[in-house]
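**Student:** I'd like to ask you about the structure that follows.
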Amino acid sequence: MTPLHLGQTSGLPANPQSAILDYIANPRPGRPYLVRFTVPEFTSLCPVTAQPDFAHLVIDYAPAESIVESKSLKLFLGAFRNHQAFHEDCTVGIGERLDAEMKPLWLRIGGYWYPRGGMPIDVFWQSGAPPAGLWLPDQGVPSYRGRG
């Protein structure tokens, strides 16, 4: 599990499919704990109009054998800037890819999308029931009222 990106110069991938996510050994295996990534400036493109879409993503997971390396995650998420997909596809696709590759004990993602056409769209996905005893804080993103 030698990281490809950590400590190296890495360019933004051309698209999410070509992005390589790095995983490293969980430094605290055998105990459930929560890792949270908050991405308040996520962007992608509308698949119909090619106009930019903006979201506040919150990714929570309980690691099993590995954790995702944050630089590679930033590059993966940055690859969506020129990617055309609906909000649901982006949000669920990110969660499913992380779950399939990292194989955490549990993972959830909240995609809090800013309005287009006057309506915000929030998309949520999780891999299953969280482990017993795992502390699950609220994702901390308020219902839409001009998200900040």
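**Student:** Going by the alpha-carbon gyration tensor, a ≥ b ≥ c the square roots of its eigenvalues, is the range 94-142 rounded (a/c under 1.5) or, if a/c is not under 1.5, prolate (a/b greater than b/c) versus oblate? Before the final figure, lay out the partial values.
**Tutor:** Working: a/c = 3.66, a/b = 1.69, b/c = 2.17.
Since a/c reaches 1.5 but b/c is at least a/b, the shape of the range 94-142 is classed as oblate.
**Student:** Let me ask something else about it. Taking a cut-off of 22 Å, what percent of all Cα-Cα pairs in the range 51-148 are separated by more than that?
**Tutor:** On the way: 1511 of 4753 pairs.
Tail fraction, whole percent: 32.
**Student:** For the range 17-33, in order, what is each residue's ³J(HN,Hα) by Karplus, 6.51 cos²θ - 1.76 cosθ + 1.60 with θ = phi - 60°, in whole Hz (x at glycine and Pro)?
**Tutor:** Taking θ as phi minus 60°, the curve returns 5, 8, 5, 9, 8, 9, 10, 10, 4, 5, x, 10, x, x, 9, x, 9 Hz for the range 17-33.
**Student:** Right, next: Just how far, in whole angstrom, is the range 67-139 from the range 42-56 if you go by their alpha carbon centroids?
**Tutor:** Spelled out, the Cα-based centre of one part sits 15 Å from the other.
**Student:** Per DSSP H run of n ≥ 4, the term is -39500 (n - 2.57); total these for the chain, divide by its residue number, and report the mean residue ellipticity at 222 nm rounded to 500 deg cm²/dmol. Don't jump to the answer; show the numbers that get you there.
**Tutor:** Details: 2 runs with 25 residues, N = 148.
So the helix-based figure for the chain works out to -5500 deg cm²/dmol.
**Student:** Compute a Gaussian network model of the chain, connecting alpha carbons closer than 10 Å, and tell me which residue from ASP99, ASP22, ASP138 fluctuates the most.
**Tutor:** With Cα springs under 10 Å in the chain, the top fluctuation among ASP99, ASP22, ASP138 is at ASP138.
**Student:** Could you give the Stokes-Einstein D for the range 1-121 in µm² per second, using the C-alpha Kirkwood radius, 20 °C, 1.002 mPa s?
**Tutor:** Details: Rh = 15.0 Å.
Roughly 143 µm²/s, to the nearest whole number.
**Student:** Where the accessible area of the range 1-143 is counted over protein heavy atoms with a 1.4 Å probe, how much of it, in %, is carbon and sulfur? Could you put the intermediate results ahead of the total?
**Tutor:** On the way: 4240 of 7580 Å².
Carbon and sulfur together cover 56 percent of it.
The values are calculated or read from the model by the stated rules, or taken from the named source; none is laboratory data. Not measured: the values here are computed from a predicted model. Heads up: the accessible areas ignore ligands, DNA and RNA and are worked out on the full protein's heavy atoms, side chains in. Shrake-Rupley method; radii C 1.70, N 1.55, O 1.52, S 1.80 Å.
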